[in-house]
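Worksheet for the structure shown next.
The values are calculated or read from the model by the stated rules, or taken from the named source; none is laboratory data. Keep in mind the model is a prediction, meaning the values are calculated, not measured. Neighbour counts are summed over all protein chains in view; Cβ atoms, including those assigned to glycine, are modelled from backbone coordinates with ideal geometry. Keep in mind that these areas ignore ligands, DNA and RNA; they rest on the heavy atoms of the full protein, side chains included. Shrake-Rupley method; radii C 1.70, N 1.55, O 1.52, S 1.80 Å.
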Amino acid sequence: MRTTPHRRPWRRVLALLGSAALALTGAIALPGTAEAANVLTNPGLESGSLSPWSCTGNLGQVVSSPVHGGSKALAGAVSSSDTARCSQTVPVQPNTTYTLSGWVRGSYVYLGVDGGASTWTSSPSAYSRLSVAFTTGAAQTSATVYVHGWYAQGTYYADDIGLDGPGGGGGQDTQAPSAPTGLTSTGKTSSSVSLSWGASSDDTGVTAYDVYSGPSRVLSVSGTSATVGGLSPSTAYTFTVRARDAAGNVSGASDAVSVTTNAGSGGTSFKQAAPYLYEGWGDPPNVSTVMSATGIKWFTMAFMLDGGGCTPLWDSTRPLTGGVDQTVINQVRAAGGDVVPSFGGWQGSKLGANCSSASALAAALQKVVDAYGLKAIDMDIENTDEFENEAVQARILTALKTVKANNPGLRTIVTFGTSTTGPTYYGNRLIEQARSIGADIDVFTIMPFDFGGGSDMYGNTVNATEGLKAKLKSTFGWDDATAYAHVGISGMNGLSDQQENTTPAVWTQIRDWANTHHIARLAYWAVNRDRPCPGGGVVSNCSGISQSTWQFTSITAGFTG
């Protein structure tokens, strides 16, 4: 039986550091120096195949999510008897210093070179950069670099692996490729820039193109286009591209192109206090009465579902237009307010799960946008059929990207569950996938209830929201203010299904914290329950606690961001 990884990695690292120390002790000449270039082939797996990487036990594969850069990454499916070690052997020059680096995520991931140094990290939930330097021996002409996980610790991911230094091959190929031509930007969002360029020529063939932002290499690809993500809104970037061949010869830089990313559409200009209102459940209140009594202007209308054949209907049964839901929307708008339909929810037949493709789902969403001339839509992604289904997650995000591109000014919101410390694995994946495909989501809204909040619903809600903010910062490269401006909170008034109690006083604290930190959205489930019934338990038409009628809605109306 294998020991836990909490001890064995340390023994392995000490042994590898000892080997590295011996290699350095044996050097008798000063290391060579050369212009840094990534001498690995297919470093970001952008070719779509593993070659020339080789993985033990056939446990490696190329995946499209989660990625650090580009559209592909390496996944190693570690087993109880195999660490899914993936390696590549490349020619190197003797007595020369190289730097091995890469982006990894998963539980206990290692990066190193055979017979030399290695490094590792324990359990990053998002991509984390590893880097280690080593010096080749006096007669060494090749090096094998590797990445692997640890026994029974689950799948790890690796992307954008680089071995920086001069190419080997005994100096037979010294001709560098020509510089790429015609570098241009083909598109941009608030967090990404897409680039394309003309191919370089070389006597032995170009193996990769390295994309630079200023002096830093940010991406390596095999083709003549790339999308650089993780950028900040309203920020100017300057890009160049260099080509390299199998021997590590590097071209001159292409002409530079400067691009300013779009403004963050989920920024301070978008603020929404929009509690949920459900016309198919819980003794629906008169919306005009609620608006007059509380001052609320927005409502999140629940739920738009699939009526069959990827057809949007309210609650799968009520007509898209012409029914009670449209009557309520007309009343809201007549009183100077507006609505954001919510697609999905915990149960029912959902469009995200049942539409056959992202394009079909986008068409269904577009029908609703067109029917009501919407300013915003909310995708409430829950349960195993959507939230915990990676293919459906990707389908939803791709559809949102399409609809947003086709409807300038439309705001897109995703709503999902959380732990008391921030997004869970599937929440983190949702955020990473949104960044990877450039979905440009305006607001990431968490639901801090039925999440183990216990008696401290204020403290745990704040902790969960801070965890979301931190995840957005690390994924998109945003500062605090930008990350908060993409954050939403959707609570549950009164008693939750887990008997968590969010009182009016606690909800006021949460609202005040949300205003102080200038988040984008505040909602709760649901206006139908915003009525007193002390001791009533968890029911559809009252909160289960002592309160004033419409008290939570009045508190929510005070959210200004």
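A few comments on the model shown:
- Value at 222 nm in deg cm²/dmol, rounded to 500, when DSSP H runs of n ≥ 4 in the chain each add -39,500 (n - 2.57): -7000 deg cm²/dmol
- Residue order for F134, F416 - accessible surface, 1.4 angstrom probe, largest first: F134, F416
- Across segment 301-357, Cα pairs under 8 Å and at least six residues apart give a relative contact order of 44 percent.
- Beta bridges from DSSP with both residues in the chain: antiparallel share about 70 percent, rounded to the nearest 5.
- Against the rule of thumb 2.2 N^0.38 Å, how large the Cα Rg of segment 426-490 comes out: 1.13
- P(r) weight above 26 Å for segment 402-561, C-alpha pairs, percent: 28
- Taking a Cβ cut-off of under 11 Å around I555, the surrounding Lys, Arg, Asp and Glu residues balance to a net charge of -1, with basic ones at +1 and acidic ones at -1.
- Across segment 62-148, the convex hull enclosing all Cα atoms gives 101 Å³ per residue.
- Over the chain, relative contact order from alpha-carbon pairs under 8 Å, at least 6 apart, %: 11
- In nm, spacing of pseudo-spin labels at T184 and W513 (7 Å Cα→C-beta vector): 5.0
- Accessible surface area normalised per residue over the chain is 37 Å², counting heavy atoms of protein chains with a 1.4 Å rolling probe.
- Positive contributions from Lys and Arg (+1) and negative ones from Asp and Glu (-1), summed over other residues with Cβ under 13 Å from the Cβ of S474, come out at +2.
- Accessible surface of W53 - all protein chains present, 1.4 Å probe, nearest 10 Å²: 20
- The protection proxy used here, the mean number of other Cβ atoms lying within 10 Å of each residue, ranks peptides 430-440, 75-85 as follows, highest first: 430-440, 75-85.
- Note on segment 213-324: Cα-Cα pairs beyond 17 Å make up 73% of the total pair count.
- Pairs with C-alpha atoms separated by more than 19 Å, drawn from the list K404/K473; K367/K401; K367/K404; K271/K367; K188/K401; K297/K471, are K404/K473; K271/K367; K297/K471.
- Relative to its residue count, the chain spans a Cα convex hull of 157 Å³ per residue.
- No Cys partner within the rule (Cβ under 4.7 Å), the chain: none
- The listed residues H68, H148, once ranked by accessible area (1.4 Å probe) with the largest placed first, stand as H68, H148.
- Distance distribution note for segment 129-210: the fraction of Cα pairs above 16 angstrom is 72%.
- In straight-distance terms, cross-link reach from K375 covers every one of the aspartates and glutamates whose alpha-carbon lies under 16 Å from its own, apart from those fewer than eight places away in the same chain; here that gives D338, D440, D442.
- Once the Kirkwood radius over Cα pairs is known for segment 390-448, the Stokes-Einstein relation at 25 °C and 0.890 mPa s delivers a diffusion coefficient of 208 µm²/s.
- Histogram of C-alpha separations across segment 97-142, 10 Å bin width, %: 27, 46, 21, 6, 0
- Converting phi to 3J(HN,Hα) with the Karplus coefficients 6.51, -1.76 and 1.60 and the offset θ = phi - 60°, segment 198-211 yields x, 5, 8, 10, 7, 5, 10, x, 7, 9, 6, 10, 9, 9 Hz in sequence order, with x at every glycine or proline.
- The chain - percent of accessible surface contributed by carbon and sulfur, probe 1.4 Å: 51
- Annotation for segment 364-399 versus segment 414-445: alpha-carbon center distance of 13 Å.
- Spin-label pair T235-S49: with each label point 7 Å from Cα along the Cα-Cβ axis, the two points sit 3.7 nm from one another.
- Sum of side-chain charges, T424 neighbourhood, beta-carbon under 11 Å (Lys, Arg +1; Asp, Glu -1): +1
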